[in-house]
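Let me begin by presenting the structure, written as structure tokens, before commenting on it.
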Amino acid sequence: MPKPSFDVEHASPEDENMGNPTEPGQPHEALFLVLPYLSLSGLIAIGQACTSLRDALRDDILPWLELVVDDPLSRRMRDEILIEITSKANGKLRTLGLFNCTKITDGGLQSVVERNPLINKLYVPGCTGLTPEGVINAVKTLSANGNILQSIKINGIYDLQKQHLQVLRSYVQVNPETPEHKCSPHFGREGDCNVCPLDVDICPKCNEVRKVYICPIETCVRKRDRRLSECRGCGSCIPRCIQCGACVELDDLEEAEAICPDILCMSCWLQLPKCDFCNKPYCKRHAERQLNPSGSRGFVCELCTVYEEEDDIDV
């Protein structure tokens, strides 16, 4: 078969430019419209793409008004970095979300709220470098000039006591339409209640300040027997399925055992794929640990893989 030929004399201008490097142009205008909807890691990445986008992020405060820091940036976030990033909002920051930012201190948080007095949503769950007193001072600073906080998330901060919870409740806005609302978020879900101003409560079982849950399954035995108070409590007091959040009876803990340390109810246990050797499943959070040998429809868990290798050595 003859190879196709290319006639240079009769080539069009578009053909003559084929293979030649082109000059980079300006970003499409639509890119500038999506900047306020990008995550922090997305903003950092797109700011490194070209000078036009970098200048747009530098000159526009809109993408920086709702700042949320989560994995993987949360592990590297420090006070001085946070102060620099929040300064891009020019004092008009509205939402500050720091999720598991363990290196943030009371001093760093206080510096940020002093420079951004309009913050009305303060989320610091899992920020173990903060103290209850540090959070209260930040909330008092934000409320000093008449600013009303709509929501505070503090689950995971050490040494939270009832008196801390009472002080924080006095500074947050309560929706007058739902004064009797009791927050009972589903286990394993963050931020699924938009009514309650605080994400923690006093557990009716242990009387500690923790995140309190209620069984979401309508067929729950406790609900069926009208014992709703027995179904409500923190994750330490009532075992719950990591998949659906249902209460798990103590008798079912051994029968519905998972490979990972998470708890499963029998209903979810039956639906998950099992290891070919030990007949135990991973929960969905740890499903990536499954090892799939060729020729097998199931998988082999990490523990059984180790045992299998040891048996091969013994042989």
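Quick notes on this one:
- Condition met for T105 (open to solvent by 50 Å² or more (accessible area, probe 1.4 Å), touching a residue at least 24 places away in the same chain (Cβ under 8 Å), among the hydroxyl-bearing types (S, T, Y) and out of contact with any Ser or Thr (no Cβ under 7 Å at 6 or more places or on another chain)): yes
- Within the stretch 89-102, considering residues that are assigned to a loop (DSSP other than H, G, I, E, B) and more than 12 Å from the chain's Cα centre (by Cα), the one surrounded by the most Cβ atoms within 10 Å (Cβ to Cβ): L93
- Test set (1) at pLDDT 80 or above; (2) assigned to a helix (DSSP H, G or I); (3) out of contact with any helix residue (DSSP H, G or I) (no Cβ under 6 Å at 6 or more places or on another chain); (4) not aromatic (F, W, Y) - P63 fails condition number: (3)
- Every condition in (1) open to solvent by 80 Å² or more (accessible area, probe 1.4 Å); (2) in contact with a strand residue (DSSP E or B) (Cβ under 8 Å, 6 or more places away or on another chain); (3) modelled with pLDDT of 85 or more; (4) closer than 25 Å to A138 by Cβ is met by K205 except one, and the failing one is (4).
- Within the stretch 46-83, if we keep just the residues that are open to solvent by 70 Å² or more (accessible area, probe 1.4 Å) and touching a strand residue (DSSP E or B) at 6+ places or on another chain (Cβ under 9 Å), the residue that is nearest to L130 (Cα to Cα) turns out to be D70.
- Residues that are among the polar types (S, T, N, Q) and modelled with pLDDT of 85 or more were ranked within the stretch 224-275; the one that is farthest from C301 (Cα to Cα) is S236.
- Residue ID - modelled with the highest pLDDT, chosen from residues in the stretch 17-45 that are touching a Pro at 6+ places or on another chain (Cβ under 9 Å) and either open to solvent by less than 50 Å² (accessible area, probe 1.4 Å) or of a type in the set (K, R) (or both): L43
- Across the stretch 119-137, the qualifying residues are those that are aliphatic (A, V, I, L, M) and part of a loop (DSSP other than H, G, I, E, B), and the one among them that is farthest from S151 (Cα to Cα) is L130.
The values are calculated or read from the model by the stated rules, or taken from the named source; none is laboratory data. Everything numeric here is computed off the predicted structure, so don't read it as measured data. Because the Cβ atoms are built from the backbone with ideal geometry, glycine has one as well, and the counts that use them run over all protein chains shown. What goes into the accessible areas is simple: the full protein's heavy atoms, side chains included, and nothing from ligands, DNA or RNA. Shrake-Rupley method; radii C 1.70, N 1.55, O 1.52, S 1.80 Å.
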